[in-house]
1. List the residue pairs whose Cβ atoms are under 7 Å apart, where the first residue sits in segment 238-260 and is closer than 13 Å to Val311 by Cα, the second is among the hydroxyl-bearing types (Ser, Thr, Tyr), and the two are 6 or more positions apart or on different chains.
2. Any idea how many residues of segment 21-40 are in contact with a Phe, Trp or Tyr (Cβ under 8 Å, 6 or more places away or on another chain) and touching a residue at least 40 places away in the same chain (Cβ under 8 Å)?
3. Might you let me know whether segment 83-93 holds any residue that is touching a Lys or Arg at 6+ places or on another chain (Cβ under 6 Å), modelled with pLDDT under 95, more than 30 Å from Gly293 (Cα to Cα) and open to solvent by less than 40 Å² (accessible area, probe 1.4 Å)?
4. Sort through Arg109, Arg91, Arg54 and tell me the only one that's basic (Lys, Arg) and farther than 24 Å from Ser228 by Cβ.
5. Select from segment 196-228 the residues that are under 30 Å from Ala173 (Cα atoms), open to solvent by 10 Å² or more (accessible area, probe 1.4 Å) and not in a loop (DSSP other than H, G, I, E, B) and list them in ascending order.
6. For segment 308-330, give me each residue that is open to solvent by 10 Å² or more (accessible area, probe 1.4 Å) and part of a helix (DSSP H, G or I).
7. So, in segment 229-275, exactly how many residues are open to solvent by 50 Å² or more (accessible area, probe 1.4 Å), part of a loop (DSSP other than H, G, I, E, B) and among the small types (Gly, Ala, Ser)?
8. Which residues, counting only those in segment 305-329, are touching a Gly at 6+ places or on another chain (Cβ under 8 Å) and of a type outside the set (Phe, Trp, Tyr)?
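The values are calculated or read from the model by the stated rules, or taken from the named source; none is laboratory data. What you see is a predicted model; the values in this text were computed from it and never measured. Counting neighbours? That spans all protein chains shown, and the Cβs are built from the backbone with ideal geometry, glycine included. Accessible surface areas use protein heavy atoms only, side chains included; no ligands, DNA or RNA. Shrake-Rupley method; radii C 1.70, N 1.55, O 1.52, S 1.80 Å.
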Amino acid sequence: MNEALTRPAVVSRISDLIGYTPLYELCRTENGSRLLLKLEMYNPTGTAKIRMARAMVDAAEAAGELHPGGRIIESTSGNTGLGLAVIAAERGYTFTAVVDNHACVDKLRGMKALGTELVYVVDDGAEELATAAREELAEDMARGQDNTIFTEQHNNPSNGVGYFPVAHELHQALDGGIDVLIGAVGTGGALCGTTRELRKLVPGVRTIGVEPKGSIAFGGPAHDYYQSGTGTPEGAEIGALVDFGLIDEGVKVGDVEAFATARVVARTGLLIGGSAGGVVHEALTRLPSLPPGSTMVALVNDGGEKYMDTVFNDDWMNARNLIDPAVEREIDETLTKLRRN
């Protein structure tokens, strides 16, 4: 992948629009260190995860596990499902998403609009994250079925491979000038896949992983959390793609701080998702202490448009005690100061 990365002027498949997402400078310090956001919401479906959805299907086809008329099954909280729904639709596959009510309603509606069959692992309306139960049901549904695959995103090596192009996009755009990469850790594919490839191009890059408080990848205590599409809840296995050897430091950000950051960033004109808010919160905390002239890149894996009923809904936030005006004010003051430089 040494050639210049460019998108054709005209494409014939939606998946040809994947990648080439922009970098946006959110802020910088007085000594010239800057925070750049890799805006993955500019992919089809508004999320990074369509990158790995395509890679997983490509691998299944190459291995002869999936052929015309086949069925794809995945356990998803939304964004992976949206990506798989697009790939399935353009290649003529049936897609079944095993979901729970923790997922944002707009993501579930989006999958259904794209022709996805939704199967709920629980039907009592409970909002608890049910990752382990979803995985078990998806595996059971695929077992023994002809021309049917369970893509199993948490343990599928192609998940990480799908993010290799992100490394090349960053390297080309910044001419190798990247010091810190920071991103959310869910399946591990986005952050670890990008890091694995990026270190071939920029050996000294430092990687920071962010998960919600309550997630267990970087230790306990475990408890419920509302950031969706990220983290490892109690009872779920840490995915095989979470490579601790590629993560220099793992940190936790609470729901209140993550969502407050997303809401503050929205007032600058940019809508980002809730877990992306956690990543940006940690990045803003670290930026002033970086060496002069450093470049930190935060992976913003989806936009805020899918969270109008949750993160950006005061009634929903207040009902769950997720709004803290003091926290929001502090973040706003920090960002405002940095954006003046």
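1. Every condition considered, the pairs that remain are Asp255/Tyr225; Asp255/Tyr226; Ala258/Ser275.
2. Summing the residues that are in contact with a Phe, Trp or Tyr (Cβ under 8 Å, 6 or more places away or on another chain) and touching a residue at least 40 places away in the same chain (Cβ under 8 Å) in segment 21-40 gives 4.
3. No - not one qualifying residue is present in segment 83-93.
4. Of the residues listed, the single one that is basic (Lys, Arg) and farther than 24 Å from Ser228 by Cβ is Arg91.
5. Residues satisfying the conditions are Arg196, Glu197, Arg199, Lys200, Leu201, Arg206.
6. Within segment 308-330, Asp314, Asp315, Trp316, Asn318, Ala319, Pro325, Ala326, Val327, Glu328, Arg329, Glu330 qualify.
7. Result for segment 229-275: 3.
8. Within segment 305-329, Glu305, Lys306, Thr310, Val311 meet the criteria.
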